[in-house]
Amino acid sequence: MSTTTQSKTGPRKLAFGMPTPDEIAAGGIPGLSARPKLPVDLMDKLNASELEEVEDIELPTEPMQINMGPSHPATHGTVRIVLTIDGETVRDSDVQVGYLHRCFEKEAEYATYTQVFPYTDRLNYVSPLLNNVGFALAVEKLLGIGAAIPERAQYIRVIVGEISRITDHLTCLGASAMEVGGFTPFLWMIKIREWLWELLEELTGARLTHSYVRVGGVSQDLTEDFIARLRATLNRSLEPLAECEKLLVKNRIFRDRMDGVGTMSAEDAIAMGWTGPCLRSTGVPYDVRKDHPYLVYDRFEFDVPVGSVGDNYDRFAVRLEEIRQSMRILEQAMQQIPPGPVLLDEPRICMPPKNAVYNTIESMIGHFKLIVDGIKVPPGEVYSYTEGGNGELGFYIVSDGSGRPYRCHVRSPSFIITQSMSKLILGAGIADIIPTFGMINMIGGECDR
Amino acid sequence: MAESPSSPIKSSIAAALRETVSPPPPPAASPAAPSAAPAGSAPSSAPPQSELCTIKLDGREVQAKKGANLLEVCLAHGVDVSYFCYHPGLSSPAVCRQCLVEVVGQPKLVPACFTPIADKMEVNTATPRVLTIRRQMLEFTLVNHPVDCPICDKAGECTLQKQYQDWDHVGSRSSIPKVHKPKMQDLGPHIVLDSERCILCTRCIRVCDEVAGQKQLTMAWRGDREQLTVAPGHQLDNPYSLNTVDVCPVGALTSKDFRFTMRAWELFTTSSVCPGCATGCNVEVHHAQGEIWRLVPRENLQVNKYWMCDEGRFAYKDVRHKRLTSARIGAGRGQPAQITSVDKAVAFAAERLERLVSSGGTIGLVYSAQTTNEALFALSQVAAKLTARGASVRAYVSGAAPRPERADNILRSADVNPNTAGAKLLAGVGAGDAKALLADLTAGKLKGLWMVGTDLPLGEQAEFEIAPLADGLELLICQAVHDSPLLRRAHVQLPAAAWAEVDGTFTNAKHMVQRLRKAVAPQGDARAHLELVTQIAKKANLAQNEKWQVSARQAFLQMVAEVASTLPPGADPAQSVAAGFAAADWGKEFLPVQLRFANSRG
């Protein structure tokens, strides 16, 4: 409402209490006259760049220590950053992880191999199925049954894994956009993520903590119309995804926080153990799916996008492109997926069918022993690595021949990349911390395993 | 840990479950060997060369004693031959046919458990023929086995389950209905039989015949209707009947006490020693959720072999019931005492003790034979300090009354105190017995009395009657596990932890110092006897931070060193208790292992 309303008592103030033009003209704006007057020479300067030229106004500053986190509304991840700031500039920082510590590695020592899957769901909890697959592959490598996994199960693992990669990247990009003020991309990306998660929920029974993969395959076959619905969902998500891209890529506010901020060189990235989209943003085309193909990744055609500068924008762009590449892989996997069993037929590793369990003592015992004692994995140790949402997700397992891991270590990409956080934000402004942290994409569950 | 982390880890668990603290008295040549030797292996001292023979076991040359049991030789060399009816502590009837192996030159497969080895024998245990027969035997055994695992007490520690999963693991091929037999038959005071689950291995029959010496069980009927039974008009009531439940490879025989209380695989196991009598059977304490659910025997060939008596199995109930759980202080003479914190009660006891020492007067110290060596050693240290302060101290050894009717030549001893030998040694040569204590109380010779364990060789009624004797005392300090009439008369009543709640050692009738391990947390405010003695001594300025006050282990080490220093070198543990102490070893510390991962049962 921009006009005054007419009434019997004459002109009225605007509904929200702004002074009328008449009042402004009369100079009677309440409060204005009470403000202290700034030096005239400063008032004459029209914009910030001119303001900086004025030497007189440089205020004396001294380093100040402040806490950012552990529960900061703008970091997606529970982390405490102890900052030493000089004005707006970060002079030093101490990034402290561990606030989401849930003892994955220790818990795994007290659980059978199958019981570890729910724990892996909670590592990187926006792409649980990639963790499921990573752990299953490690145990299978130790069991020496990697080649025997039914082909259909391998395709299903690729499909659910790539869906998870998409949801992982969507969460990272959407949340980061929101944290620098772009709320719309966040809502749209989360909407796409939700479509995909609904699909996974239909398949696995759980929206987030799927526990869908098993040693020897997957727990159940794809639902009847899964392929068709996945195809439809991917098609449907192309448009909002493109819109998000448009909203962000040419957005000045977004680009200011992304371009040239948090720059990492390829050498440093390798030295710091970076992997995944963050490493690729520095120009190193390392992708476990390409360089050390596992499952059936060698049968798909896809590109490994790389950046050139290694800044936040490159990390953003690499992830955005990876969403498209994952869709490409999904498209090919949906075409190639063969019919067949989805679980290995080996009673000492995989559960017998329920009907047999309830009706025959043999299968009952088999079921019982697998549940109570766990899968007996031969003694030995193994390191198995896959491309997780944030980089190389490795599981190192030592078996003592019993039904549970003697030691289970996870090389979680987040943890290793987060160690560079201090380096990335050194000398940056406070406002740069949030987008840099967002593009590192630290996931507390994975970092604090 | 590059090559194989399995063996050290597994064997450490196995050792935890088998380990004996004190080396065996008779040979004493190689103290390390017996605890490490697997079940049923050849004796540790190597037999002379002439008695050895060489056989080829799965293509590998193996040396063993001539005539040794082939199955035992296989197991000793890590060759897994499945079996049901064989048990290292029993004779081998070869009825289950599960351990059939191939001996080159023999037309048929032979049961390993029934075959003595001879020189140059060639044995194959893993040829396709053997594996097929092994699988077929299991299939045969499972034909009539009910689908009971979800409701079966043995599930999780069942030998049949284990053998199936290890050697058969294929689905059922049978479509005919199963033969049904009686379920839930009451065999005796402690045992219930489910005949459908029985696989007819006859281990239980042999336990009754060979261990308990009472022929109470037998097989009746034939073929697939064969079943285990007791003779008409009899029941399975021998004092070792619950061993049949342990040896049963399936859930046919179940303990009424344990039935449907706890799933076996969820239990944690801690090795300990039975507190029931002077034999000191080695046991596994099975516990979960802070409570003990059962005791089972732990193999120790020098003490209890593989067995324990039924009474001993119920020793855990004393840990649960009628416990003194909070400290009380009062004016004595049966007047109501006030509940207070243990710390306050300890301070009160110390203050009164100091006063008594300075006023002069004889102080009696009671060494209960139900208490660990470490607590009693601490008390003996306190006695020395009191004497040094000029107090007159008298020591008494007390304990529960002997029960001659339960003594047999198998395991049960008439002395129902687990630590009589240790208590007598630690109380010193001049110590009186419970009779002397009562006499001194009646005569009013004592001004103060400090009882570490209030066990007296009296029934509850008799104890109630003698309790007023304590009214003549200026100070009565009682550290007790259970409530009792005498305790009610005490000025200071301190709750003590029970045997399963402390680390320590008991000395059995054979002078073997055996290790107890803490399985569960003490109930209520209870603290270990040793801790209570330590704290009273501290508060009363008798001893500050001495070695025995640090921990049970330190007390043990000091005790062993002091006892050993009084001995000539090479003393025989069979001859004197002190030599038994000198040979004792504290052993390693272990975390309790959950049964499903312990690999020890089934």
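Order the peptides B:311-324, A:91-104 from the highest to the lowest mean number of other Cβ atoms within 10 Å of their residues.
Output ranking for B:311-324, A:91-104: B:311-324, A:91-104.
Mind putting a number on the dipole of the stretch B:173-320 about its Cα centre? Charges go on the C-beta only, +1 for Lys and Arg and -1 for Asp and Glu, and I need it in Debye to the nearest 20.
Taking the Cα centre of the stretch B:173-320 as origin, the dipole is about 480 debye.
Which distance in nm do the two modelled labels at residue B:261 and residue A:207 give, with both placed 7 Å along the Cα-to-Cβ direction?
Output for this residue pair reads 4.5 nm.
Picking from B:132, B:428, B:537, whose Cα lies most toward the positive end of the charge dipole for chain B (charges on Cβ: Lys, Arg +1; Asp, Glu -1)?
Final value for the positive-end residue is B:537.
What list of ³J(HN,Hα) couplings, whole Hz, do you get for the stretch A:214-222 from phi and the Karplus terms 6.51, -1.76, 1.60, once you set θ to phi - 60° and write x for glycine and proline?
10, 5, x, x, 10, 6, 8, 6, 4
Just to be sure I understand: of the beta bridges DSSP finds with both ends in chain B, what percent are antiparallel, rounded to 5?
Beta bridges within chain B, antiparallel portion: roughly 65 percent.
Only four residue types carry charge here, +1 at the Cβ of Lys and Arg and -1 at the Cβ of Asp and Glu. Report the dipole size of the protein assembly as shown about the Cα centre in Debye, rounded to the nearest 20.
That gives the protein assembly as shown a dipole magnitude of about 3560 debye.
Which order do A:167, B:372, A:84 fall in if you start with the one that has the fewest other Cβ atoms within 10 Å?
Ranking A:167, B:372, A:84 by Cβ neighbours within 10 Å, fewest first, gives A:84, A:167, B:372.
Using only atoms on other chains, find how many Cβ atoms lie within 10 Å of each Cβ of peptide B:165-172 and report the average.
Mean shielding count: 6.
Hey, what do the phi angles of the stretch B:466-478 turn into as Karplus ³J(HN,Hα) couplings, whole Hz, using 6.51/-1.76/1.60 and θ = phi - 60°, x for Gly and Pro?
Each residue's phi maps through the Karplus curve to give 7, 3, x, 4, 5, 5, x, 7, 7, 9, 10, 9, 10 Hz.
Once you charge only the Cβ atoms, +1 for Lys and Arg and -1 for Asp and Glu, what is the size of the charge dipole of the stretch B:52-142 about its Cα centre, to the nearest 20 debye?
140
Go through B:267, B:176, B:214 and say which Cα lies farthest out towards the positive end of the charge dipole of the stretch B:173-320; charges sit on Cβ, +1 for Lys and Arg, -1 for Asp and Glu.
B:176
Taking N as the number of residues in the stretch B:327-594, what is its Cα Rg relative to 2.2 N^0.38 Å?
0.97
Mind checking the angle between helix B:529-539 and chain B's longest principal axis? C-alpha axes, 0 to 90 degrees, to the nearest 10.
Long axis of B:529-539 versus the principal axis of chain B: about 30 degrees.
For A:197, B:167, B:548, B:221, what ranking results if the residue with the fewest other Cβ atoms within 10 Å of its Cβ goes first?
Lowest count first: B:221, B:167, A:197, B:548.
Which cross-chain or sequence-distant (5 or more) residues have an amide H under 5 Å from the amide H of residue B:283, H modelled 1.01 Å from N in plane?
B:272, B:273, B:274, B:298
Counting DSSP beta bridges with both partners in the protein assembly as shown, what percentage is antiparallel, nearest 5?
75
Could you tell me which residue out of B:591, A:399, B:511 lies farthest along the dipole of the protein assembly as shown toward its positive end? Charges go on the beta carbon: Lys and Arg +1, Asp and Glu -1, centred on the Cα centre.
Positive-end residue among those listed: B:511.
Among the lysines, select those whose C-alpha is under 30 Å from the C-alpha of residue B:181, and discard any that sit fewer than 8 residues away in the same chain.
Within reach: A:354, A:369, B:154, B:162, B:215, B:256.
If I histogram all Cα-Cα distances within chain A using bins 20 Å wide from 0, what percent of pairs lands in each bin?
All Cα pairs, binned at 20 Å, distribute as 22, 46, 21, 9, 2 percent.
Counting only other chains, and only Cβ atoms inside 10 Å, what mean value do you get across the residues of A:348-361?
Averaged over the peptide's residues, the number is 3.
Efficiency by 1/(1 + (r/R0)^6): what FRET value for residue B:576 and residue B:214, r their Cβ-Cβ distance, R0 = 35 Å, to the nearest 0.05?
Step by step, r from the Cβ atoms, then E = 0.45.
Given the C-alpha centroids of the stretch B:326-342 and the stretch A:66-115, what is the distance between them in whole angstrom?
For the stretch B:326-342 versus the stretch A:66-115, the Cα centre distance is 52 Å.
Evaluate the Debye formula for chain B with equal point scatterers sitting on the alpha carbons, no solvent, and hand back log10 of I(q)/I(0) at q = 0.05 Å⁻¹, in q order, two decimals.
-0.26
Output the Cα-based Rg and Dmax of the stretch B:136-232 in Å, rounding Rg to one decimal and Dmax to a whole number.
Answer for the stretch B:136-232, Rg first and Dmax second: 14.4, 43 Å.
Please compute the average number of Cβ atoms from other chains found within 10 Å of each residue's Cβ in peptide A:118-124.
The mean count of partner-chain Cβ atoms within 10 Å per residue comes to 0.
In whole angstrom, and with the biggest value first, how far do the Cα coordinates of the stretch A:260-300 range along each principal axis?
Computed over the stretch A:260-300, the largest-to-smallest principal extents equal 37, 19, 10 Å.
At q = 0.05, 0.08 Å⁻¹, what base-10 log of I(q)/I(0) does the Debye formula yield for the protein assembly as shown when every alpha carbon is treated as an equal point scatterer in vacuo?
Log10 I(q)/I(0), no solvent term: -0.50, -0.99.
What do you get when you divide the Cα radius of gyration of the stretch B:173-320 by 2.2 N^0.38 Å, with N the number of residues?
The stretch B:173-320 yields a ratio of 1.11.
Using θ = phi - 60° and the Karplus form 6.51 cos²θ - 1.76 cosθ + 1.60, what ³J(HN,Hα) does each residue of the stretch A:403-420 get, whole Hz, x for Gly and Pro?
With the stated coefficients, the stretch A:403-420 comes to x, 9, x, 6, 8, 9, 10, 10, 8, 8, x, 4, 4, 6, 6, 5, 5, 8 Hz.
Whole-Å semi-axes of the stretch B:52-142's equivalent ellipsoid, largest first, each the root of 5 times a Cα gyration tensor eigenvalue?
20, 15, 11
Given the C-alpha centroids of the stretch B:500-532 and the stretch B:351-374, what is the distance between them in whole angstrom?
When both Cα centres are located, 21 Å separates them.
On the first, second and third principal axes, largest extent first, how far apart are the outermost C-alpha atoms of the stretch B:353-431 in Å?
51, 19, 19
Taking loop as defined by DSSP and a crowding limit of 11 other beta carbons within 10 Å, which trypsin sites (Lys or Arg not before Pro) in the stretch B:76-180 fit?
B:108, B:120, B:173
Every number in this text was worked out from the coordinates using simple rules, so none of it is lab data. This one's a predicted model, so the numbers in the text were calculated from it and none came from an experiment. Heads up, the Cβs are rebuilt from the backbone with ideal geometry, glycines too, and the neighbour counts pull from every protein chain shown.
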